[in-house]
Amino acid sequence: MPLRYFLLCLLFLLIVLGAPGLEATAQSSLDRLPGPFELEGHYVTDPNKFLKPATIRYLEANLYALDMHHKAHIQVVMVRSIGKATPHKAAAKLFDRWKIEKTYRHNGLLVLVVQDQGWVEFYIGSGLQQTLTLADCQRVGRRYMLLALHRKKYDKAIRSGVDSLIHNVAPDFRLFNPDAGEVTEAFPPDVATLARIQEQDSLAAAELAFANRPGPDNWSEGEGFLVFFSLMFMFVTTGVLLTIKHVPVLLKVLLGLVSLWVFVQVFLAGGTDSKFPASAPLSWTYGWSIAAVSLHLLIIRYRYHQEYAGASRIERYTYLIKSHRRLGFLRFMMPVPLVLYWVGHRRQLRTLRNEPYQCPECNGSMYRLAKNVEHNVLEPSQKVEETIKALDYDAWECYDCQHHLVLGYLYPKTKAKECPNCSHTTLLRKSRQVVERGNSRRRTWGWFVWECAFCQHIELVRFEEIGTQTSSHHHHHHHHHDHC
Ligand SMILES: [Zn+2]
Ligand SMILES: [Zn+2]
Ligand SMILES: [Zn+2]
């Protein structure tokens with residue numbers, strides 16, 4: 001029960017903490033747009049292919065001519081969606097990330113067209129703000145672009161919008177169509193400016209290559225979820241190990257601290273500008289989960305060899321069963337290392353339990369009696385223990401002298417305890433009797449009634465609880481043994 005609550009709380013915590021991270025991954029498509037220097041032309045970014053090749057050729061040629069003559073650098077971006085981000089913030093982000101201000105001599109202009117929002121956003125560089133105001137741009141958007149956008153005439157929308165913007169910043173620039181063999185005539189080519197642009201191009205490209213060097217800077221939505229679930233996986237593994245009683249305290253402290261540390265690292269790495277590809281946090285969480293489980297299994301094996309070297313087969317069997325309790329599910333979660341281990345573990349258990357014994361009387365070989373005949377050999381108390389699923393008995397019989405060997409295996413999940421009267425494992429909790437109901441000042445107290453299924457001995461265990469709740473599911477906080 002506490003484990004389930006722990007995991008629920010954890011899930012809640014992770015969802016609350018993870019929500020901003022997931023929001024960020026929704027915008028990651030925008031962050032992965034190729035920048036101006038990763039494109040064949042520099043001026044049009046159209047990842048969802050809304051525009052015809054002829055339109056792109058037209059825009060690239062004219063915007064290049066405009067740029068080369070020092071008038072303005074107009075960067076056109078057309079995307080299907082930017083998620084829930086506002087176009088203004090998205091445009092500002094791209095303007096900043098692509099270093100348009102610095103690279104293009106402060107006369108940059110970014111035109112961001114968001115198809116699903118039916119919106120055109122403009123971002124004007126500082127040098128251009130004297131010749132072109134945001135109101136001018138918005139007028140261009142309303143007059144030439146929005147209606148065509150809504151009618152899905154994307155080529156027309158962008159082309160007439162850009163034509164008008166060019167006319168606004170350079171009224172004497174003559175637009176031309178490269179597909180019709182026209183060339184720019186409005187200005188003679190300026191060799192010095194061209195050289196400077198080319199120099200800046202290569203500088204910016206080198207800078208961009210350097211910035212992108214450590215790998216993808218953002219995780220996709222799928223990768224984000226994968227990391228999220230690997231974190232969940234790590235916490236489930238850690239949680240299970242922490243709630244197992246016989247795990248050494250030192251290992252528990254280590255488990256808690258390292259898991260927390262890994263969580264913090266993954267959380268820090270998962271920011272919007274991650275320096276790590278998603279495979280890094282995946283390998284941290286999964287690697288640590290496997291390491292933690294392996295460490296625990298190593299300790300179990302070490303103790304098995306140290307403390308149970310001289311023990312009987314039944315003692316060794318019981319230790320192995322107890323120590324691996326609740327770990328079985330792990331082989332489904334980390335099959336690579338654990339399936340083989342589990343196969344070996346099972347085989348060892350089978351050998352310990354099923355390998356024929358030697359008769360203690362005559363050293364002859366023994367065989368195990370079938371379930372239906374073994375009950376002729378069992379004591380009445382042992383039959384009761386089997387019926388209430390406290391112990392599972394195996395009975396062995398000698399071929400030669402018919403000597404019987406009876407071995408009891410504790411059911412791992414049994415709630416039965418040893419009866420203080422007859423000393424069989426037959427004491428079961430029957431009921432809970434409230435003697436005095438509490439109030440705001442006094443505790444409720446009463447007895448848990450345990451009864452022996454074999455000798456009918458009654459054992460009372462006192463309980464006390466805070467508050468006035470009398471539900472039998474409520475945990476008792478203190479109990480003292482009273483013999484009567
Ligand atoms: Zn049996
Ligand atoms: Zn014998
Ligand atoms: Zn008894």
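Restricting the first member to region 386-400 and to residues that are closer than 17 Å to residue 376 by Cα, and the second to residues that are in a strand (DSSP E or B) and within 7 Å of ligand 1 (Cβ to nearest atom), the beta-carbon pairs closer than 8 Å and six or more apart or on different chains are 386/392; 386/393.
If you go through region 51-63 and pick out every residue that is of a type outside the set (Val, Ile, Thr), assigned to a helix (DSSP H, G or I) and buried (at least 18 other Cβ atoms within 10 Å of the Cβ), you end up with 6. Once region 358-384 is narrowed to residues that are surrounded by 16 or more Cβ atoms within 10 Å (Cβ to Cβ) and over 13 Å from residue 425 (Cβ atoms), the residue that is modelled with the lowest pLDDT is 374. Based on this model, can you work out whether residue 104 counts as touching a helix residue (DSSP H, G or I) at 6+ places or on another chain (Cβ under 6 Å), crowded, with 21+ Cβ neighbours inside 10 Å, assigned by TED's automatic domain parsing to the domain that holds residue 172 and under 20 Å from residue 42 (Cβ atoms)? Answer is no for this residue. Filtered by the rule that a residue be assigned to a helix (DSSP H, G or I) and either under 22 Å from residue 160 (Cβ atoms) or hydroxyl-bearing (Ser, Thr, Tyr) (or both), region 67-115 gives 67, 87, 91, 103.
Rundown of residues vs (1) part of a helix (DSSP H, G or I); (2) surrounded by 15 or more Cβ atoms within 10 Å (Cβ to Cβ); (3) out of contact with any Lys or Arg (no Cβ under 6 Å at 6 or more places or on another chain), yes/no style:
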position: 286; (1), (2), (3): yes, yes, yes
position: 293; (1), (2), (3): yes, yes, yes
position: 296; (1), (2), (3): yes, yes, yes
position: 319; (1), (2), (3): yes, yes, yes
position: 332; (1), (2), (3): yes, no, yes
position: 338; (1), (2), (3): yes, yes, no
position: 346; (1), (2), (3): yes, no, yes
position: 353; (1), (2), (3): yes, yes, yes
position: 356; (1), (2), (3): no, no, yes
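Out of all the residues in region 385-399, is one or more away from ligand 1 (no atom under 15 Å from the Cβ) and either closer than 24 Å to residue 326 by Cα or surrounded by fewer than 16 Cβ atoms within 10 Å (Cβ to Cβ) (or both)? Yes; the residues of region 385-399 include at least one that is away from ligand 1 (no atom under 15 Å from the Cβ) and either closer than 24 Å to residue 326 by Cα or surrounded by fewer than 16 Cβ atoms within 10 Å (Cβ to Cβ) (or both). Residue count for region 130-139 satisfying the condition of being among the hydrophobic types (A, V, I, L, M, F, W, C) and closer than 16 Å to residue 114 by Cα: 1. Among the numbered conditions (1) within 43 Å of the chain's Cα centre (by Cα); (2) within 12 Å of ligand 1 (Cβ to nearest atom), the only one that residue 378 does not meet is (1). When the residues of region 373-426 are filtered to those that are part of a loop (DSSP other than H, G, I, E, B) and of a type in the set (Asp, Glu), which remaining residue is nearest to ligand 3 (Cβ to nearest atom)? Looking at residues that are part of a loop (DSSP other than H, G, I, E, B) and of a type in the set (Asp, Glu), I get 418. Within region 184-206, not a single residue is surrounded by 14 or more Cβ atoms within 10 Å (Cβ to Cβ) and modelled with pLDDT of 80 or more. Against the test of being within 16 Å of ligand 2 (Cβ to nearest atom) and closer than 21 Å to residue 352 by Cα, the options 397, 374 yield a single qualifying residue, 397. Looking across 410, 391, 405, 427, one residue alone is touching an Asp or Glu at 6+ places or on another chain (Cβ under 7 Å) and closer than 29 Å to residue 366 by Cα. It is 391.
Screening residue 183 against (1) over 20 Å from residue 50 (Cβ atoms); (2) in a helix (DSSP H, G or I) leaves a single unmet condition, (2). Consider residue 256 carefully, then state whether it is modelled with pLDDT of 90 or more, farther than 15 Å from residue 299 by Cβ and either in the same structural domain as residue 319 (by TED's automatic domain parsing) or not in a loop (DSSP other than H, G, I, E, B) (or both). Here the answer is yes, as residue 256 does meet what is asked. For region 209-219, the condition of being at pLDDT below 70, in a helix (DSSP H, G or I), surrounded by fewer than 12 Cβ atoms within 10 Å (Cβ to Cβ) and on the phi < 0 side of the Ramachandran plot holds for at least one residue. Scoring residue 121 on the criteria (1) assigned to a helix (DSSP H, G or I); (2) at pLDDT 90 or above leaves a single failure, condition (1).
Residues are listed down the side, and each one gets a yes or a no for (1) closer than 17 Å to residue 80 by Cα; (2) under 44 Å from the mean Cα position of the chain (by Cα); (3) touching a residue at least 40 places away in the same chain (Cβ under 8 Å):
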residue: 118; (1), (2), (3): yes, yes, no
residue: 122; (1), (2), (3): yes, yes, no
residue: 126; (1), (2), (3): no, yes, no
residue: 129; (1), (2), (3): no, no, no
residue: 139; (1), (2), (3): no, no, no
residue: 142; (1), (2), (3): no, no, no
residue: 148; (1), (2), (3): yes, yes, no
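The values are calculated or read from the model by the stated rules, or taken from the named source; none is laboratory data. Owing to the predicted nature of the structure, the values given are computational and were not obtained by experimental measurement. Note that each Cβ is placed from the backbone with ideal geometry, even for glycine, and that neighbours are counted across all protein chains shown.
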